[in-house]
Amino acid sequence: DVQLQASGGGLVQPGGSLRLSCAASGFRFADYDLGWIRQYADKRLEVVSCVRKQNGGIAYADSVKGRFTASRDNAKSTGSLEMNNLKPEDTAVYYCNARRPYTNTVYWGQGTQVTVSS
């Protein structure tokens with residue numbers, strides 16, 4: 001079975017930090033780009049980051065640059081998103097997904113809620 005599980009969300013105060021994890025199984029993780037996508041309460045989607053399968057390139061949305069750091073461990077089929085200096089506008093459900101370049105096969109995780117509030 002293909003599984004992609006995100007975890008680590010929670011409630012934090014502005015300026016706080018969280019580390020999200022994504023665990024993959026059932027497919028060749030190293031062949032897929034790893035993405036983090038968040039969905040706001042108004043259902044708007046934003047791509048937060050993408051860790052490329054090829055060349056290890058990492059891209060971030062302007063809204064999180066300098067605050068979030070994405071990484072992956074292909075040997076363990078896991079990914080992480082370190083989130084620092086969190087802001088209320090970061091409140092969203094965060095999903096990890098995996099996309100195979102060119103074939104565009106995509107797997108989605110279940111999502112984890114991040115709430116930034118005082």
TODO: Could you list, in sequence order, all residues of segment 73-89 that are in contact (Cβ under 8 Å) with a residue 40 or more places away in the chain and among the charged types (D, E, K, R)?
DONE: 82, 87
Task: Options 107, 102: the member that is hydroxyl-bearing (Ser, Thr, Tyr), in a loop (DSSP other than H, G, I, E, B) and over 12 Å from residue 18 (Cβ atoms) - done: 102
TODO: Scan segment 82-106 for residues that are open to solvent by 60 Å² or more (accessible area, probe 1.4 Å) and closer than 14 Å to residue 32 by Cβ and report the count.
DONE: 5
- [ ] Specify the residue that is modelled with the highest pLDDT; the eligible residues are those in segment 1-25 that are exposed (fewer than 13 other Cβ atoms within 10 Å of the Cβ) and within 17 Å of residue 99 (Cβ to Cβ).
- [x] 25
- [ ] Would you point out which residue out of 87, 53 is of a type in the set (Lys, Arg) and farther than 22 Å from residue 25 by Cβ?
- [x] 87
Task: Of all residues in segment 49-64 being under 14 Å from the mean Cα position of the chain (by Cα) and more than 16 Å from residue 39 (Cα to Cα), the one that is most open to solvent (accessible area, probe 1.4 Å) - done: 52
Open item on the list: Can you tell me which residue is modelled with the lowest pLDDT among those in segment 65-81 that are surrounded by fewer than 14 Cβ atoms within 10 Å (Cβ to Cβ) and either in contact with a Ser or Thr (Cβ under 6 Å, 6 or more places away or on another chain) or in a loop (DSSP other than H, G, I, E, B) (or both)?
Closed with: 75
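The values are calculated or read from the model by the stated rules, or taken from the named source; none is laboratory data. Owing to the predicted nature of the structure, the values given are computational and were not obtained by experimental measurement. All Cβ positions, glycine included, derive from the backbone under ideal geometry; neighbour counts span all protein chains shown. Accessible surface is based on the protein model in full, side chains and every heavy atom, while ligands, DNA and RNA are left aside. Shrake-Rupley method; radii C 1.70, N 1.55, O 1.52, S 1.80 Å.
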